[in-house]
Amino acid sequence: MGVLENKARARLFYKYLSKVYDQVNPFIWNEEMRDEALELLGIQEGDRVLDVGCGTGFGTEGLLRYTDDVHGLDQSIHQMQKAWKKFGKNDQVRFYRGDAERLPFADNSFDIIWSSGSIEYWPNPVTALEEFRRVVKPGNKVLVVGPDDPKNSLFQKLADAIMLFYDEEEADRMFEAAGFVDIEHHILQRQPGSPRAIVTIARAPEE
């Protein structure tokens, strides 16, 4: 387990990263990549969407282009304070401070679940994904964006010491263990040589 796959350390990390997050993030996960991922989901106007690990609201901003029923959850109060400045505390978006592994919502609460840049900090990714399956409506989709596993073995060891990096095979294992079906992956990259993001879309089984 990487050093940032610890909730207390991740919160401390984001306390400081939140100050520059919106300036740093475009070098790794920019608007074009986000918008390409959003297009894969087929969000309809009026869909109730949950953004898990919403952070400063970068993904949330994209979701609002599709529906006005967006809910954001994050464990970092410092990240959420940045999001509140953009959207208000409960104006455009309803925000919750919470844990991806213990979502504070009833079963079948959402039409879509989106999560970008969060899975790499979860100590127990399958537990969180099981929570996603619980709160998304049967037959509906979730989308998770995380860091693709480096192909260089040296970088791979360094990356794994910091947080979760994974490939398509590992993503299949995690999503299948959580009970999802129709799993597909897309690799997005800002430019050749820049960090790669793995976008996984999966569907909760019908009841």
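Observations
- The strands (runs of 3 or more DSSP E) falling completely within the range 32-142 that include 3 or more residues that are under 23 Å from L188 (Cα atoms) map to 48-52, 110-116.
- If you check V142, V126 for being within 14 Å of the chain's Cα centre (by Cα), of a type in the set (V, I, T) and either open to solvent by 20 Å² or more (accessible area, probe 1.4 Å) or over 11 Å from V52 (Cα atoms) (or both), only one passes: V126.
- Count of residues meeting criterion [of a type outside the set (A, V, I, L, M), at pLDDT 95 or above and in a loop (DSSP other than H, G, I, E, B)] in the range 143-183: 2
- The set of residues from the range 168-185 being surrounded by fewer than 16 Cβ atoms within 10 Å (Cβ to Cβ) and in contact (Cβ under 8 Å) with a residue 24 or more places away in the chain comprises A177, G179, V181.
- Taken over the range 55-77, the criterion of being open to solvent by 10 Å² or more (accessible area, probe 1.4 Å) and within 21 Å of P123 (Cα to Cα) is satisfied by D74, Q75, I77.
The values are calculated or read from the model by the stated rules, or taken from the named source; none is laboratory data. Keep in mind it's a predicted model, so treat the numbers as computed, not measured. Here Cβ is always computed from backbone atoms with ideal geometry, including for glycine, and neighbour counts include all displayed protein chains. The area values use the complete protein model at the heavy-atom level, side chains included, leaving out ligands, DNA and RNA. Shrake-Rupley method; radii C 1.70, N 1.55, O 1.52, S 1.80 Å.
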